[in-house]
Amino acid sequence: MQELHQRVCLIHYHEIGLKGRNRSVFEKRLVKNVEALLDGYPVVTIHRISGRLCVFLKEGTTFERALEVAHIVRDVPGVARVSCGFKCERELEIMGQVAVNALAECGDFQSFKVHARRNHTDFETDSMQMNQIIGAVLCQANPDKKVKMKDPDITVTVEVVQNASYIYARSERGIGGLPVGSSGHVVSLLSSGIDSPVALWRLARRGAVCIGVHFSGRPQTSDTSEYLVDDIAHVLEKTGCIARVYVVPLGDYQKEIALMAPPSLRVILYRRLMFKVAEEIARREHAGALVTGESLGQVASQTLDNIRATDNAVELPVFRPLIGTDKLQIIEDAQRLGTFEISSQDAPDCCTLFMPRNPETHAKLAEVLEAESAYPIDEWVRELADAAEPHDYACPSYKPRKRAVQESDDPAKA
């Protein structure tokens, strides 16, 4: 049968719709992100239509290919829901047939209902009449299925706007939040473990452009963790959630600390140095905050006293999106994100290098500062920031700063 319609993917959003006068800024940012991430897919154009975005697909696009587009869009920050459907003429006979086709692509189901609405009264048939007319066509085409007005398996949505009708039945929930690039830049400490990729992802969902900093134990350990972090970054870049990762070889500096510092304070001193280097990179990247994957009480360095001693090292705010989250919840997010299997692989890194048998769990800031004063910390921070190796990833909201580590404090010279 010849098609009477064009395939589309409708992008629904929730939080963006509450932004008032700034709403168009967020919508434009989401459009740009989606356009970039769908490069190479059969997309004609993307337009805002009746409070949502519509991805128009090329003629001849198969259902399977349209579903691939929907799955990409579903995981893009800012998208609350994505629906595979069709655009067609505002003629009830055509609309009924298109509704039959849309329902047929929903797989196995037992019950359905029709939800119709018209956004313009120049279409004579009102919403209630459309429900009845389209519902009758669907009942005739699916005599073994039940109409169920409350909690049906499938809802066939029919929307009549000024120049066309949009009909869809297959919808999937997105991750919500705000489009990446709408909330500034942050620098996220990124290990090859389970927690920090999830923390970074959660900030990306709040609209932040995320720049990772990975502290490698190299040359005191192998560079295995760096390859795992690269694999994690490639997962995150599929939905534009990561812009760049700096790899910082920290091993020799940790060795220097381990030679002189009280063993119980090594972890605190390591982390303070990491925070200071991350802050310096953030300054050069014009980022406004640091992000870590810490969860309160999960390990020795994540007690309240130790967190306070670490935060004292920097002036930037430190965001901890996982602070009240248990490990099972973090694992669930990592599995959904697609990083769990990568993070489950063993890799020596700076977190396990020169670890003491009994790390301090209630560090006193005065003792930490006294121990730290034995080292040329400011010099180390500059050396490590200059030695940081940048790796760029596909993030539509980020313009790479090629000379970020050589930039001055003056934004006008950046």
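Nothing in this text is a laboratory measurement; each read-out follows from the coordinates by a stated rule. All values reported here derive from a predicted model rather than from experimental measurement. Note: ideal-geometry Cβ built from the backbone for every residue, glycine included; neighbour counts use all protein chains shown.
Which shape class, rounded, prolate or oblate, goes with segment 147-256 when its Cα gyration tensor gives a ≥ b ≥ c as root eigenvalues, a/c under 1.5 marks rounded, and past that a/b bigger than b/c marks prolate?
Prolate is the answer for segment 147-256, as a/c is 1.5 or above and a/b outweighs b/c.
Quick one: putting +1 on the C-beta of Lys and Arg, -1 on the C-beta of Asp and Glu, what dipole do you get for segment 5-173 around its Cα centre, in Debye to the nearest 20?
About 680 debye.
If one takes the longest principal axis of the Cα atoms in the chain, at what angle in degrees, from 0 to 90 and to the nearest 10, does the Cα axis of helix 23-37 lie?
For 23-37 against the chain, the angle is about 80 degrees.
Per DSSP H run of n ≥ 4, the term is -39500 (n - 2.57); total these for the chain, divide by its residue number, and report the mean residue ellipticity at 222 nm rounded to 500 deg cm²/dmol.
Helices in the chain give a 222 nm mean residue ellipticity of -11500 deg cm²/dmol.
Please compute the contact order of the chain in relative form: average sequence separation of alpha-carbon pairs under 8 Å and at least six residues apart, divided by the residue count, as a percent.
17
Hey, how many Å between the Cα centroid of segment 240-257 and the Cα centroid of segment 48-94?
Each part reduced to its Cα centre gives a spacing of 41 Å.
For each pair in Lys28/Lys146; Lys150/Lys327; Lys87/Lys238; Lys58/Lys399, compute the distance between the two Cα atoms and list the pairs where it is over 32 Å.
Lys28/Lys146; Lys150/Lys327
Neighbour counts of other C-beta atoms within 10 Å: give me Leu178, Leu30, Leu322 arranged from fewest to most.
By the 10 Å Cβ count, ascending: Leu178, Leu322, Leu30.
Hey, what angle do you get for helix 224-237 against the long axis of the chain, alpha-carbon based, 0 to 90 degrees rounded to 10?
30
Highest GNM mean-square fluctuation, the chain, Cα pairs closer than 10 Å: which of Val73, Val229, Val44?
The residue that fluctuates most here is Val44.
For the chain, taking Cα atoms only, what is the radius of gyration to one decimal and the Dmax to the nearest whole Å?
26.1, 83
Applying 1/(1 + (r/R0)^6) with R0 = 35 Å to the Cβ-Cβ distance of Ser127 and Arg336, what FRET efficiency is obtained, to the nearest 0.05?
0.45
For segment 5-173, give me the percentage of DSSP beta bridges that are antiparallel, rounded to the nearest 5 percent. The partial results should precede the final answer.
Working: 30 of 39 bridges.
Bridges in segment 5-173 that DSSP calls antiparallel: roughly 75 percent.
Rank the residues Asp195, Asp392 as a footprinting-exposure proxy: fewest other Cβ atoms within 10 Å of their Cβ go first.
Asp392, Asp195
Below 27 Å, Cα to Cα, which lysines can Lys255 reach? Residues fewer than 8 away in the same chain don't count.
Cα-Cα hits under 27 Å: Lys276, Lys364.
Out of Ile330, Val213, Ala309, whose Cα points farthest toward the positive end of the dipole of segment 185-413 (charges: +1 Lys, Arg; -1 Asp, Glu; placed on Cβ)?
Ile330
Near Leu316, within a Cβ-to-Cβ distance under 12 Å, what is the net charge of the other residues, with Lys and Arg +1 and Asp and Glu -1?
Net charge in that neighbourhood comes out at -3.
Exactly which GluC sites (Glu not before Pro) in segment 8-98 are in a DSSP loop and have at most 14 other Cβ atoms within 10 Å?
Hits after loop and neighbour filter: Glu59, Glu89, Glu91.
Between Leu290, Ala347, Gln6, whose Cα lies farthest towards the positive end of the dipole of the chain when Lys and Arg beta carbons carry +1 and Asp and Glu beta carbons carry -1, centred on the Cα centre?
Gln6
Going by how many other beta carbons lie within 10 Å of each one, how would you line up Cys88, Cys106, fewest first? Write down the numbers at each step before the final one.
Numbers: Cys88 23, Cys106 17.
Lowest count first: Cys106, Cys88.
Please state the shape class of segment 5-173: rounded when a/c is under 1.5, otherwise prolate if a/b exceeds b/c and oblate if not, all from the C-alpha gyration tensor.
It comes out prolate by the Cα gyration axes.
Work out the FRET efficiency for Asp378 and Glu35 from their Cβ-Cβ distance, taking R0 = 56 Å, and round it to the nearest 0.05. Before the final figure, lay out the partial values.
On the way: r = 44 Å, r/R0 = 0.78.
Plugging the Cβ-Cβ distance into 1/(1 + (r/R0)^6) gives 0.80.
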